Number of protein chains: 2
Amino acid sequence: MTPAPPPYTTVTFTSQHSETENADEYEQTAQQMVEMVQQQPEFSGVEGARGADGFGVTVSYWETQQHAHAWKMATEHIAAPRRGAQDWYADYTVRVATVERQCGNHRRPDDLD
Amino acid sequence: MTPAPPPYTTVTFTSQHSETENADEYEQTAQQMVEMVQQQPEFSGVEGARGADGFGVTVSYWETQQHAHAWKMATEHIAAPRRGAQDWYADYTVRVATVERQCGNHRRPDDLD
């Protein structure tokens, strides 16, 4: 799922759905974006969740910020002409970050201590 | 919600619930952690989502990695003696990252271009 070991890049998209009547259209475009991102050679993984309250977090993983930037530019060509972000989301934020440390129950658990 | 402007630190916890019968106990401890983290003076915000499939993403925001580390150590005192992570999650990962850029519909949208 993620390039290992750190450092690597994440693009985190947090959003609150502003309305429910466009849910089908949103899901279609979201699925199209996921399919497209998976075709990017630099793509490492994407995962996310959306709760019943409409708030969602999607994280994509990249080897470098340059790769993540290329993906951002590509997705804009899909999403921007179709719908403005304000149509779907009451609020959204995109954050580009560098992961410096990680741990989990499928890795050595002490690298954060 | 987040310290502005970047750089700042995120701690992202992704997890897959391994079973549903402990959901109440999980939610109690998760709520206890949220209440505790909100009392940390260095705390800036926390948000997250969990979908119907049991996969969830929680992101907390901190001014520095040192602050995030203090929180991690504190939460372990709540969670670790009570339940092993393997009891709740089939899989989880904690990532500490530095946010370097952000944009959104409530900020200048061009700082990622």
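For residues in segment B:37-56 being charged (D, E, K, R) and closer than 25 Å to B:Ala4 by Cα, which is farthest from the other protein chains (Cβ to nearest Cβ)?
Here the residue is B:Glu42.
Among the residues of segment A:79-93, are any of a type in the set (S, T, N, Q) and at pLDDT below 55?
yes
Criterion first (more than 12 Å from every other protein chain (Cβ to nearest Cβ) and at pLDDT 85 or above) does A:Glu63 satisfy it?
Judged against the criteria, A:Glu63 is a match.
The values are calculated or read from the model by the stated rules, or taken from the named source; none is laboratory data. These figures come from a predicted structure and were not determined experimentally. Here Cβ is always computed from backbone atoms with ideal geometry, including for glycine, and neighbour counts include all displayed protein chains.
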